[in-house]
Each structure stands twice: as C-alpha cells, then as structure tokens.
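Peer 1: My questions all concern the structure below.
The values are calculated or read from the model by the stated rules, or taken from the named source; none is laboratory data. Here the structure is a predicted model, which means the values were calculated and not measured. Here the Cβ positions follow ideal geometry from the backbone for every residue, glycine too, while neighbour counts run over all protein chains shown. Heads up: the accessible areas ignore ligands, DNA and RNA and are worked out on the full protein's heavy atoms, side chains in. Shrake-Rupley method; radii C 1.70, N 1.55, O 1.52, S 1.80 Å.
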Amino acid sequence: MNFYIDPAFYVFLALAVIPAAILGFTGRRIKYYGLVASLGFLLLLFGENAQGMAAFLGFLVVACVATFWVLRSWRCGQKALWKYRMALAAVIAPLVIYKIGAVFEHNIMGFLGLSYITFKAVQVIIEVRDGVIEDMGFLDYLYFLVFFAPFTSGPIDRSRRFTEDANRTYTRSEYADLLARGIMLLLIGAVYQKVLGTVFYGWFTPAPLGDGSLWRELAAQVKDAYAYGFYLFFDFAGYSLMAMGASYCFGIKTPRNFRAPFLALDVREFWDRWHMTLSAWLRDFVFMRVVKSATRRKLFKDRLHTACFGYLANFMLMGAWHGLTVDYLVYGAYYGVLMGATDVYQKRVPFHKKHKKKRWYKALQWFVTINLVMLGMAIFSGQLHTVVGGLIHG
C-alpha cells in the first residue's frame, strides 16, 4: 500500500485518527498510540514486499545500535571520534549501497523511505557528537524514525522538535485546532496532488527537437520545462501538505516544506522556499561543515571562494542523493554553480547593490530566476538529456 496514493490508505488513516482524536480531546498523550499506529502503517507499506521489510528492519537495528552506542559513549565522557565515524558510516552505508546498486538496476538494501530515515538517523548521531543531544529515550528515538506520516518522502523533521511534540499533552481546544488544521491540510494537499499535479503532468510531453521552426520547437521545450516544474511542485507540495495534515492529527507539527518557491527573486531564495526541510538539513549538516572545514584548513583565500566551494559540494551531494545518473549529477552541479555565481554577483557587483531595492530590478530578478529554475527542472526531469541526445544522434 502506497501512502497518500492508494485509496485504501485514506480509509486506514481515517480509522487510525479516531483513537488519536479520543486521546487528544481527553488531554492524554498520543505518543504511544502513535508509535503503535505507525508500526501498523509500516506493516501495510511493506506487507507485500518481504525484501523491503527485511531491509527496513535491518536498517532500524543498525541505526538503534549505532546511535545508542555513540550516545552512551558521549554521556560517559568517552568521546572517541572513531566510534562516531563508525556509527555514521554504518547508518549511511545502506543508502550508498542502494544508490550504487540502482545504477546497475539492482535493489540492494533498498526500501521505500530509506533516504528520509537515513537523514533522521544521521542528524541524531551528528547532534550527539556536537553535544546538542545529551540524552534520548529508546521509544522516543524509535518513534522519531518510524513515524508514518512523513516516512516515505518527508518533510524531514528534527528529533528534538519531534520529541517535544510527541511528549506533549494538548488541551481540548489545542487539539481541536490541530485536528481541524490537519484535516484542512489533507484536503488542500489532495487537491494539489490529485487535481493540479495531474493537470500539469498531462501537459508534460517531452520529446527531441522536431522538424518545425526553431522558435516553435524552442517554445515546445519551454512549455514542457514549465509544465514539469509546476507538476513537480503541486505533486510534491501536495504530498508534503498531506503528510503535515496526517501528522497534525497525531499531535505532531511536522514542519512546512514549501513556501511559494516560484516567487523567489534569486536561486538562493528559491532553495529557502523549495523543499525547505531538505535545504535546511543540507545547510546545517553539509554546507556549514564543509565551509568550516575548508576555513580551518585555509583551502581558499577568502570567505566567498570558500562559500562557493561549499555550495558546489552541498548541491553535488544533493544531486547524488537523488540518484547516481548523469541528469541528477548535472542538476546538482548546475545549482552548485548557480548558488556560487549568485553569491559572487550579489557581493561583488556594484550594479546589484545599487538597484536591488528598485521594483523594475526585482521584476527582472524574478524573471531571470524563474527561467533558471525551469531550466533546472528540464535537467532534473531528463528533458534536456532527451533534447541533447536527439541532437547528437540526429
């Protein structure tokens, strides 16, 4: 059963919300029921996929052992970096093996939701090492990893924020507000995904350049890039809204993932609005650490060059996370270069500083940004690959 896709999911969700609502309205903690319900939903998710279930359970065991091994070591004052590195490698290894296997069309250690549960496990281990997490109960950690609502595709929550919600008891009025907002988010998300996403996907008809006039063929390619961009937004944002809605019904305020991304005035702002939880995760656990390491080692002569290197490393990793294919790796490199170029332009070019508050300049910024974003969509979807391949073999 696929979450937020199969009609049966919504039936089970409606039934599962009833006990959660009873607990919420009576001022009782939903946490333990939420954990049981989540395990039940995961049984439905993997019910007909024994290999996926085995891979998931294997990952869960590895993540729990690795995390509490490091946590106990740090809590006892034995801060051995080799333990931290081994634990980190252990939880990342299944995702790396799966991505490499996918290149050769083999599903090795993969299961639906692997990427997002890996992000969660990595976040906890890193924050234990940083001293941000000093203690965590086993059930809190387990619930954080297996909570069903955002399991398959995010949004990516943080453990401390999640645990605070999970251990909270709400008043009747507080839970009523959460439940109402949750149902509304589910409905809006369904419209986004089932209606608007379907409409835009129907307009996406990628093909190599034909025999028509240059402008006609170019217009068709631009149309497809925009159609795919809006399809991906409504499909993914719709899913994210429904995941938020289901979470709210269980008393968990899963964070927002999209905030009008196509209104961004530059690509940096776009990534502050698009898949926000992924952007924030990569910023905190990849970009900032790459920049800090490069600064400490004095690899570059100034902060701007260091930041450009950080952007490239950050987005190349993001591209590889989507998949080890040419399209995704080029997509990552594309945004890594764009982010660096944006930083250089805004900090070094006087023209930007002089006009950045003027309306005509903001309109121009938006126009350039939306087209750069849609070019990125063409790379991500494989559309550009199809066009280039057609030209080469034509």
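Peer 1: Can you give the net charge of the other residues whose Cβ lies under 15 Å from the Cβ of ASP284, counting K and R as +1 and D and E as -1?
Peer 2: The answer is +4.
Peer 1: Quick check: residue separation of VAL61 and ILE100 times 0.36 nm, minus the Cα distance between them. What number comes out in nm?
Peer 2: Taking 0.36 nm per residue and subtracting the Cα distance, the gain is 11.8 nm.
Peer 1: Sticking with this one: I'd like the distance between the alpha-carbon centres of segment 356-392 and segment 23-64, rounded to an integer number of Å.
Peer 2: With segment 356-392 and segment 23-64 each reduced to a Cα centre, they are spaced 40 Å.
Peer 1: So what's the gap between the Cα centers of segment 109-174 and segment 296-344, to the nearest angstrom?
Peer 2: 28
Peer 1: Pulled fully out, how much extra length does the chain show between GLU174 and LEU139, if you take 0.36 nm times their separation in residues and subtract their Cα-Cα distance?
Peer 2: 10.1 nm
Peer 1: Here is a further query. So what's segment 124-201 giving for Cα Rg divided by 2.2 N^0.38 Å, two decimals?
Peer 2: 1.43
Peer 1: At a Förster distance of 45 Å, what's the computed FRET efficiency of ASN167 paired with VAL344, Cβ-Cβ distance as r, to 0.05?
Peer 2: It comes to 0.50.
Peer 1: Evaluate E = 1/(1 + (r/R0)^6) for VAL191 and LYS301, where r is the Cβ-Cβ distance and R0 equals 51 Å; express this FRET efficiency to the nearest 0.05.
Peer 2: Given R0 = 51 Å and the Cβ-Cβ separation, E is 0.50.
Peer 1: Per-residue ellipticity at 222 nm for the chain, helices alone: DSSP H runs ≥ 4 residues times -39500 (n - 2.57), over residue total, nearest 500 deg cm²/dmol?
Peer 2: Mean residue ellipticity at 222 nm (helix-derived): -24000 deg cm²/dmol.
Peer 1: Determine the relative contact order of segment 250-394: mean sequence separation of Cα pairs under 8 Å and six or more apart, normalised by residue count, in whole percent.
Peer 2: Computed over segment 250-394, the figure is 23 percent.
Peer 1: When ranked by the protection proxy of mean other Cβ atoms within 10 Å per residue, highest first, what sequence do the peptides 208-221, 304-317 form?
Peer 2: With the highest mean Cβ count within 10 Å placed first, the list reads 304-317, 208-221.
Peer 1: What chymotrypsin sites (Phe, Trp or Tyr not before Pro) in segment 1-66 are in a loop by DSSP, with at most 16 other Cβ atoms within 10 Å of the Cβ?
Peer 2: Sites meeting the loop and neighbour criteria: none at all.
Peer 1: Return an integer: the convex hull volume of the alpha-carbon atoms of segment 1-150, in Å³ per residue.
Peer 2: Looking at segment 1-150, the number lands at 113 Å³ per residue.
Peer 1: Can you flag which of LYS83/LYS292; LYS79/LYS120; LYS120/LYS362; LYS83/LYS120; LYS99/LYS298; LYS79/LYS298 are past 29 Å Cα-Cα?
Peer 2: Violating the 29 Å limit, Cα to Cα: LYS120/LYS362; LYS99/LYS298.
Peer 1: Can you pull out the chymotrypsin sites (Phe, Trp or Tyr not before Pro) in segment 94-180 that DSSP calls coil and that have at most 15 other Cβ atoms within 10 Å?
Peer 2: Counting only loop positions with at most 15 other Cβ atoms within 10 Å, the chymotrypsin sites (Phe, Trp or Tyr not before Pro) in segment 94-180 are PHE104.
Peer 1: Per 0.36 nm of contour for each residue apart, how much would the distance between ASN49 and LEU214 grow if the chain were fully extended, relative to their Cα-Cα spacing?
Peer 2: 54.6 nm
Peer 1: Run the 1.4 Å probe and let me know the accessible area of PHE250, rounded to the nearest 10 Å².
Peer 2: Counting only protein heavy atoms, PHE250 exposes about 10 Å² to solvent.
Peer 1: While we're on this one: How large is log10 I(q)/I(0) at q = 0.07 Å⁻¹ when the Debye formula is applied to the Cα atoms of the chain, each weighted equally and without solvent?
Peer 2: For the chain at q = 0.07 Å⁻¹, log10 I(q)/I(0) is -0.37.
Peer 1: Find out how many positive minus negative residues lie around ALA87, taking Lys and Arg as positive, Asp and Glu as negative, among other residues whose Cβ is under 12 Å from that of ALA87.
Peer 2: It works out to a net charge of +4.
Peer 1: Let me ask you something else. ALA260 versus MET288, label points 7 Å from Cα toward the beta carbon: distance in nm?
Peer 2: Spacing of the two 7 Å Cα→Cβ label points: 2.7 nm.
Peer 1: I need to check one value: relative contact order of segment 61-187, counting alpha carbon pairs closer than 8 Å and at least 6 residues apart, in percent.
Peer 2: 24
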